Amino acid sequence: MYSIEQRVFLVLEYHRIEHSPTATRRSFQKQFNVPKGPDAKNIFKPFAKFERTGSVDYNRVGNVGPRQTVVTSENVAKVYGIVQQIPRNTVLRIASETGLKRSSTQKILRNSLRMFPYKIKSHQAIPIKVVRQRFDFENEILTMIDNEGFHVVCIWFTDEAHFHLNGFLNKRNWRFGSSVNPHIV
């Protein structure tokens, strides 16, 4: 930490010597009779602050008071309007349409609007006719097991199947924003 007098000297000397940190450090050592002067970073910082603010003081001008927030009623209304128009919009798309950051958009959705992303469940539509056929098949198999000594170990069951009847659906990336779980299927 340098005193105000030392910071003023650094700024004036750095400017006078035409932006030479080494010459400024040597002048500082002579002026204040110190064996080791400030490094280039500690010479440039007060000079840059002086150019930016016109002061070399360490006060926190511009950083005083509560932090600025983007969660304003206008931004909440913008996000709410977009979500009402297209509920399946992603956070990134909403953020790009409103001009807000993704994290700010998430804060507005979660904290202000109390909206959370819900996963959409996909199920294969089964017509009534197929349900009846399956029921008949199950009864037939049960009858075969009871009467004819059908061995269940002869049936091969697998747990992997992909059905793309109505187009591909990527459930991992598809979310629905809502304040209550819509149970979309």
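The values are calculated or read from the model by the stated rules, or taken from the named source; none is laboratory data. This one's a predicted model, so the numbers in the text were calculated from it and none came from an experiment. Neighbour counts run over all protein chains shown; Cβ positions are idealised from the backbone, glycine included. Surface areas here come from the heavy atoms of the whole protein model, side chains and all, with no ligands, DNA or RNA. Shrake-Rupley method; radii C 1.70, N 1.55, O 1.52, S 1.80 Å.
If you go through segment 52-70 one residue at a time, do you hit one that is under 30 Å from residue 118 (Cα atoms), in a loop (DSSP other than H, G, I, E, B) and modelled with pLDDT under 85? Taking every residue of segment 52-70 in turn, at least one turns out to be under 30 Å from residue 118 (Cα atoms), in a loop (DSSP other than H, G, I, E, B) and modelled with pLDDT under 85. Selection of segment 85-143 for residues being open to solvent by 90 Å² or more (accessible area, probe 1.4 Å) and at positive phi yields only 114.
Per-residue answers, yes or no, for (1) assigned to a helix (DSSP H, G or I); (2) surrounded by fewer than 19 Cβ atoms within 10 Å (Cβ to Cβ); (3) touching a Pro at 6+ places or on another chain (Cβ under 8 Å):
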{"position": "2", "(1), (2), (3)": "no, yes, yes"}
{"position": "8", "(1), (2), (3)": "yes, yes, no"}
{"position": "13", "(1), (2), (3)": "yes, no, no"}
{"position": "18", "(1), (2), (3)": "no, yes, no"}
{"position": "23", "(1), (2), (3)": "yes, yes, no"}
{"position": "26", "(1), (2), (3)": "yes, yes, no"}
{"position": "29", "(1), (2), (3)": "yes, yes, yes"}
{"position": "34", "(1), (2), (3)": "no, yes, no"}
{"position": "38", "(1), (2), (3)": "no, no, no"}
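Does any residue of segment 47-68 turn out to be open to solvent by 60 Å² or more (accessible area, probe 1.4 Å) and under 30 Å from residue 181 (Cβ atoms)? Looking for residues that are open to solvent by 60 Å² or more (accessible area, probe 1.4 Å) and under 30 Å from residue 181 (Cβ atoms), one finds none in segment 47-68, hence no.
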